[in-house]
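Report on one structure; see the data block that follows.
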Amino acid sequence: MIDLQTGDFLGKDIGSFIIPSERVAHVQIGNNLEHALLVLTRTGYTAIPVLDPTYKFHGLISSPLILDAIMGLERIEFEKLEHLVVEDVMNSNAPTLTMADPLEKGLKLLINHPFICTVDEEGYFEGILTRRVVLKQMNALVHQLKLKEMD
Ligand code: 2BA
């Protein structure tokens, strides 16, 4: 919960808001697109992180990126799903955060991205900061401020 006494919501570390890596669905760089599409479909997420076997973060894979990769001129070339690997089509320019970053930095990035991956100083994946978690905390803050105003 946000501490109204300090009033320092935006200055708080990202660390207290992230969903830890063990609760985040992901795929590995060498997985084929068929596997990635299965994970995305089963979890219900539009985009998920791409890691290597040592848990280093490499990028993001999404259903639109996969569909784009198998789109032929006249038909969807489903056979490509088996042969292309995640590394071939992932977005490797996704922004990242570190646990020590202030929430303000995360908030700015969340304007254009539904979630941001958090990595350590060596690039190992630690978790994600999502719009849902931040909006939930902001909603609680607004509610508390409203109650305070009524006192
Ligand atoms: P989307 O998959 O496009 O999901 C958009 C929003 O829809 C989510 O917002 C969440 O509120 C809801 N949602 C979608 N699938 C859900 C599910 N299986 N269970 C519960 N709620 C679901 P956020 O929670 O803010 O997430 C933003 C984005 O972060 C998601 O976008 C997804 O790409 C990623 N994400 C969130 N949690 C994840 C997790 N545990 N593993 C992997 N990726 C995750």
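Computed values, structure above
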quantity: Apportionment of accessible area to carbon and sulfur, the range 1-135, percent (1.4 Å); calculated: 53 percent
quantity: Qualifying GluC sites (Glu not before Pro) in the range 47-151, DSSP loop, other Cβ atoms within 10 Å at most 12; calculated: Glu74, Glu79, Glu121, Glu122
quantity: Relative contact order computed over the chain (Cα-Cα under 8 Å; 6+ residues apart), in percent; calculated: 30 percent
quantity: Inverse of mean 1/r across different Cα pairs in the range 36-151, Kirkwood, Å; calculated: 16.4 Å
quantity: Computed magnitude of the charge dipole of the chain (debye, nearest 20; Cβ of K, R +1, Cβ of D, E -1); calculated: 620 debye
quantity: Karplus-derived 3J(HN,Hα), 6.51/-1.76/1.60, for each residue of the range 103-113, Hz, glycine and proline x; calculated: 4, 4, 5, x, 4, 4, 5, 6, 5, 9, 10
quantity: Hits among lysines - C-alpha to C-alpha of Lys148 under 19 Å, sequence gap 8 or more where chains match; calculated: Lys136
quantity: Dipole-positive endmost among Cys117, Asn93, Leu107 within the chain (Cβ charges, Cα centre); calculated: Leu107
quantity: For the range 10-151: accessible area per residue (Å², 1.4 Å); calculated: 61 Å²
quantity: Qualifying aspartates and glutamates (Cα of each under 18 Å from Cα of Lys146; at least 8 residues distant if same chain); calculated: Asp3, Asp8
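The values are calculated or read from the model by the stated rules, or taken from the named source; none is laboratory data. Quantities reported herein were computed from a predicted structural model and do not represent experimental measurements. Glycine gets a Cβ as well: all are built from the backbone with ideal geometry, and neighbour counts include every protein chain shown. These accessible areas exclude ligands, DNA and RNA; they are computed on the full protein's heavy atoms, side chains included. Shrake-Rupley method; radii C 1.70, N 1.55, O 1.52, S 1.80 Å.
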